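Presented below is the structure to which this report refers.
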């Protein structure tokens, strides 16, 4: 065994720049389906990058030993000289408050108990509660010195309607936060009960809807991954984004906000120890800047957005923190609006073109003041036409996973029913 | 190991098992602009599971703290109703020897990835970007239980994946292909030039292709698509944890397709790309073939030890975990539709107006039986002849209805590797099948 500073000292003595990422993680959780699974975890991991003469090497381990440096040095030989392969600059980031005092064993059980009475109202498929605490430390020979402890609570419920041969799609509801006060269990329950009720009786659409509204959850499921890929600096540099810098696509403003302390995707510093801050990526429809890590900011010759993400076992890539969507248009849910609340199949999208074709298992429209569940609708289009087709938003803004939005009202998407 | 189990018993556990996991990973990534070693190292850890007072407790760890049994027992929680299938004592050591030992240096692997990248870039003038990844995982797993089961497995999985993008005017095409095997270094087991040619063809087809007409259509699905359909649309519905709340559990014993439709999941399949290799699952259970649909009849579900007892079904060996930190879930292994007696040509001949769909692009299913997946290689069929190519295509429908609409199954058979996601975990699986003729929604 060794320690992080000895590794850096040895690297320095070899004339090599080095960056060591370490994580200590503890987790507790309970899953309930037909059986309960209670679990706990404690692990640590180390990822070492080395830089020399424009080359970079990497190695990882679950145990910090002296040979980690040798292994990283062995991989440097496979690297190609590149002027942008240089270590990230010195950084001592200021800290957000991202830690709650949580009992990793008891809190999952407490949350599970408060959710279990759902069983009396719906066919409960599963409940998952996970609580974690991670301490991330990044130090480098170049003066990066960042350390932070972050907590996270993740709750999800899946339920459906199942009776006498009729099985509805799964309704999935979730909440996540760094703080206990950020988990609204009653809201999850209300949403699950209401949507299972809607899904219990579904009919085929009789005609193509003129307007589609995506709830905050559906917006997160559909737009979250497609926008994240499109604004990724590597994809922009390599021409793999469907969006072009400085071009205008509708009027939506998209901000990446790592400073939303309630969200478990917030971070004081990124995976390279660099201070994070809010970045406007789409400003009233104009693609103003991509997100980058240090390497891709140098390639693109732009300020680093400090959006590196990583695990100890991989090199830093680029990832969003919290996407916030704002549109100047004010819309409302008119009769006949097809409201989409859940989509499946987003991962089959073409990330380079932004083309998608998704099934909407949970959707409805309002007719004569009654909510009517809708069966088997396929929505297809591409990111550009989706952004350009957004005419406004309505309703309360909510964060699902890493995206915060109101109901997004769109026109012009293809609907197969 | 055994001391930990004994300690758990001493703390009141009526059953305990320990999974150990030690993996050496190497992964290189080459694009038209960069070359990177993205992963190189060793991940080791263990997971102790205890059944105490009718509840599961679990403790996973990368470093021993000496109190693992206490932690596992203290974590136990539930309704005190866990009942599992117990198995007899067994000792076994499974070591899969590759055709040729995988002993490549990182530099050699990087050079191979670079050559593949160059070949893809040269393959078509409109190629703009390419990702090539080669990975090698050397896996050592152990399973030890209070039943005196001691199973050790040692094998490697290696693979190469290629993804490329081509652009002509406003049309962008993207295509991918992957090879993966437990038989050795992928470039020594397969002819990677054929895979490069597959990627080139898919790009060219999409550049020239047109989107399909939306709506129900007669289609011939190729083995790659049939495999993903068998996995995504049917296999997930047969996972007992989903099946008990889904449509397939309700249909057990009922006829849903013609006699020539049989779909199975098996831990071992004699094919170089059957990398859902699971001779024993992560609960130390011997793998067996599970007939999900047997000659058109809904037959068996995929179970772990708990659902084996819950459903009264013989253990199948489907309890899997991605790594030591992940809990066990019911997962597929090698899932495929069994071949029939028609020829591919006979299937095509009878399609007046429809599509031949050759390669999928991921997919998803819901317990109510809806499925959706994308298609990256497809063709237009007119009067039994292939007349043009497709782009931007997806298919969807209801699994049970779709199985009932299969009108022919060919004698061809092929298998493809993939990774399956569930509950935040990813495990290697393979999917396969013959050509089939069926009606689905194309959009």
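Which residues, counting only those in the stretch B:408-426, are surrounded by fewer than 21 Cβ atoms within 10 Å (Cβ to Cβ) and under 18 Å from residue B:323 (Cα atoms)?
Within the stretch B:408-426, B:419, B:421, B:422, B:423, B:424, B:425, B:426 qualify.
How many residues does the stretch B:147-195 contain that are assigned to a strand (DSSP E or B), more than 24 Å from residue B:29 (Cβ to Cβ) and touching a strand residue (DSSP E or B) at 6+ places or on another chain (Cβ under 9 Å)? First the steps, then the outcome.
Initial filter on the stretch B:147-195 (assigned to a strand (DSSP E or B)): B:149-168, B:171-181.
Imposing the further condition that a residue be more than 24 Å from residue B:29 (Cβ to Cβ) reduces the set to B:149-154, B:168, B:171.
Applying the additional criterion that residues be touching a strand residue (DSSP E or B) at 6+ places or on another chain (Cβ under 9 Å) yields B:149-154.
Of the residues in that region, 6 qualify.
Scanning the stretch A:390-417 for residues that are assigned to a loop (DSSP other than H, G, I, E, B) and within 14 Å of chain B (Cβ to nearest Cβ), which turns out farthest from residue B:441 (Cα to Cα)?
A:401
Condition check ((1) buried (at least 19 other Cβ atoms within 10 Å of the Cβ); (2) out of contact with any helix residue (DSSP H, G or I) (no Cβ under 7 Å at 6 or more places or on another chain); (3) on the phi < 0 side of the Ramachandran plot) across all residues:
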| site | (1), (2), (3) |
| --- | --- |
| A:320 | yes, no, yes |
| A:329 | no, yes, yes |
| A:333 | no, yes, yes |
| A:349 | yes, no, yes |
| A:356 | yes, no, yes |
| A:362 | yes, no, yes |
| A:368 | no, yes, no |
| A:373 | yes, no, yes |
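Any chance you could count how many residues in the stretch A:40-59 are crowded, with 21+ Cβ neighbours inside 10 Å, within 16 Å of residue B:36 (Cβ to Cβ) and more than 7 Å from chain B (Cβ to nearest Cβ)?
Counting residues in the stretch A:40-59 that are crowded, with 21+ Cβ neighbours inside 10 Å, within 16 Å of residue B:36 (Cβ to Cβ) and more than 7 Å from chain B (Cβ to nearest Cβ) gives 6.
Conditions (1) touching a strand residue (DSSP E or B) at 6+ places or on another chain (Cβ under 6 Å); (2) facing chain A (nearest Cβ under 9 Å); (3) without any contact (Cβ under 8 Å) to a residue 60 or more places away in the chain; (4) crowded, with 20+ Cβ neighbours inside 10 Å, marked per residue:
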site	(1), (2), (3), (4)
B:21	yes, no, no, yes
B:28	yes, yes, no, yes
B:41	yes, yes, yes, yes
B:45	yes, yes, no, yes
B:51	yes, no, yes, yes
B:57	yes, yes, yes, yes
B:62	yes, yes, no, yes
B:71	yes, yes, yes, yes
B:75	yes, yes, yes, yes
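Any chance you could count how many residues in the stretch B:222-256 are within 16 Å of residue B:398 (Cα to Cα), away from chain A (no Cβ under 11 Å) and crowded, with 24+ Cβ neighbours inside 10 Å?
Residues in the stretch B:222-256 being within 16 Å of residue B:398 (Cα to Cα), away from chain A (no Cβ under 11 Å) and crowded, with 24+ Cβ neighbours inside 10 Å: 10 in total.
Condition check ((1) outside the structural domain of residue A:122 (by TED's automatic domain parsing); (2) touching a residue at least 60 places away in the same chain (Cβ under 8 Å); (3) closer than 17 Å to residue A:350 by Cβ) across all residues:
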{"site": "A:183", "(1), (2), (3)": "no, yes, no"}
{"site": "A:208", "(1), (2), (3)": "yes, yes, no"}
{"site": "A:222", "(1), (2), (3)": "yes, yes, yes"}
{"site": "A:237", "(1), (2), (3)": "yes, yes, no"}
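Among the residues of the stretch B:339-360, is any surrounded by fewer than 24 Cβ atoms within 10 Å (Cβ to Cβ) and under 30 Å from residue A:25 (Cβ atoms)?
The answer is no; no qualifying residue exists.
Could we say that residue A:86 is in a loop (DSSP other than H, G, I, E, B) and not assigned by TED's automatic domain parsing to the domain that holds residue A:293 here?
Here the answer is yes, as residue A:86 does meet what is asked.
For the stretch B:83-123, give me each residue that is within 30 Å of residue A:37 (Cβ to Cβ), surrounded by fewer than 18 Cβ atoms within 10 Å (Cβ to Cβ) and touching a helix residue (DSSP H, G or I) at 6+ places or on another chain (Cβ under 6 Å).
Scanning the stretch B:83-123 gives a single hit, B:83.
Tell me which of these residue A:64 doesn't satisfy, since it passes every other one: (1) under 28 Å from the mean Cα position of the chain (by Cα); (2) closer than 30 Å to residue B:75 by Cα; (3) more than 7 Å from chain B (Cβ to nearest Cβ).
Single failed check for residue A:64: (1).
Any idea how many residues of the stretch B:102-143 are part of a loop (DSSP other than H, G, I, E, B) and touching a residue at least 60 places away in the same chain (Cβ under 8 Å)?
Summing the residues that are part of a loop (DSSP other than H, G, I, E, B) and touching a residue at least 60 places away in the same chain (Cβ under 8 Å) in the stretch B:102-143 gives 4.
Residue by residue through the stretch B:50-81, note down the ones that are under 32 Å from the mean Cα position of the chain (by Cα), within 14 Å of residue B:12 (Cβ to Cβ) and outside any loop (DSSP other than H, G, I, E, B).
Scanning the stretch B:50-81 gives B:50, B:51, B:55, B:56, B:57, B:72, B:75.
Looking only at the stretch A:162-174, filter to residues that are within 24 Å of residue A:113 (Cβ to Cβ) and at the interface with another protein chain (Cβ under 9 Å from one of its Cβ atoms); which one of those is surrounded by the fewest Cβ atoms within 10 Å (Cβ to Cβ)?
Only one residue tops the list, namely A:162.
Can you tell me how many residues within the stretch A:313-357 are within 7 Å of chain B (Cβ to nearest Cβ) and not in a loop (DSSP other than H, G, I, E, B)?
First, pick out the residues of the stretch A:313-357 that are within 7 Å of chain B (Cβ to nearest Cβ): A:313-315, A:344-345, A:347-348, A:350, A:352-353, A:355, A:357.
When the remaining residues are screened for being not in a loop (DSSP other than H, G, I, E, B), the result is A:344, A:347-348, A:350, A:355, A:357.
Going through the stretch A:313-357 one residue at a time, the tally reaches 6.
Is one or more of the residues making up the stretch B:137-155 touching a helix residue (DSSP H, G or I) at 6+ places or on another chain (Cβ under 6 Å) and under 30 Å from residue B:47 (Cα atoms)? Show your work before the answer.
Our first condition is that a residue be touching a helix residue (DSSP H, G or I) at 6+ places or on another chain (Cβ under 6 Å); within the stretch B:137-155, this holds for B:146.
Those still in the list that are under 30 Å from residue B:47 (Cα atoms) too: B:146.
Checking the stretch B:137-155: at least one residue is touching a helix residue (DSSP H, G or I) at 6+ places or on another chain (Cβ under 6 Å) and under 30 Å from residue B:47 (Cα atoms).
Looking at B:381, B:406, B:386, B:395, which one is within 14 Å of chain A (Cβ to nearest Cβ) and either in a strand (DSSP E or B) or touching a residue at least 60 places away in the same chain (Cβ under 8 Å) (or both)?
Being within 14 Å of chain A (Cβ to nearest Cβ) and either in a strand (DSSP E or B) or touching a residue at least 60 places away in the same chain (Cβ under 8 Å) (or both) holds for just one of B:381, B:406, B:386, B:395, which is B:395.
Considering (1) within 26 Å of residue A:313 (Cα to Cα); (2) modelled with pLDDT of 95 or more; (3) away from chain B (no Cβ under 11 Å), say which one residue A:95 fails and leave the rest.
(2)
Taking the options B:107, B:80, name whichever one is within 30 Å of residue B:177 (Cβ to Cβ) and within 12 Å of chain A (Cβ to nearest Cβ).
Numbers: B:80 fails: within 30 Å of residue B:177 (Cβ to Cβ).
Answer to the check: B:107.
Within the stretch A:1-16, track down each residue that is surrounded by 19 or more Cβ atoms within 10 Å (Cβ to Cβ) and not in a loop (DSSP other than H, G, I, E, B).
Once the filter is applied, which keeps residues that are surrounded by 19 or more Cβ atoms within 10 Å (Cβ to Cβ) and not in a loop (DSSP other than H, G, I, E, B), the stretch A:1-16 yields A:7, A:8, A:11.
Condition check ((1) under 30 Å from residue A:89 (Cβ atoms); (2) within 23 Å of the chain's Cα centre (by Cα); (3) away from chain B (no Cβ under 13 Å)) across all residues:
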{"position": "A:107", "(1), (2), (3)": "no, no, no"}
{"position": "A:119", "(1), (2), (3)": "no, no, no"}
{"position": "A:146", "(1), (2), (3)": "yes, yes, yes"}
{"position": "A:176", "(1), (2), (3)": "no, yes, no"}
{"position": "A:185", "(1), (2), (3)": "no, yes, yes"}
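Would you pick out the residues in the stretch B:409-432 that are closer than 23 Å to residue B:246 by Cβ and either within 14 Å of chain A (Cβ to nearest Cβ) or part of a loop (DSSP other than H, G, I, E, B) (or both)?
Passing the criteria: B:418, B:419, B:420, B:421, B:422, B:423, B:424, B:425, B:426.
Hey, can you tell me all the residues within the stretch B:146-171 that are more than 27 Å from the chain's Cα centre (by Cα) and buried (at least 18 other Cβ atoms within 10 Å of the Cβ)?
Correct list: B:146, B:166, B:167.
The values are calculated or read from the model by the stated rules, or taken from the named source; none is laboratory data. Note that the structure is a prediction, hence the values are computed from the model and not measured. With ideal geometry, Cβ positions are generated from the backbone for all residues, glycine too; neighbour counts draw on all protein chains shown.
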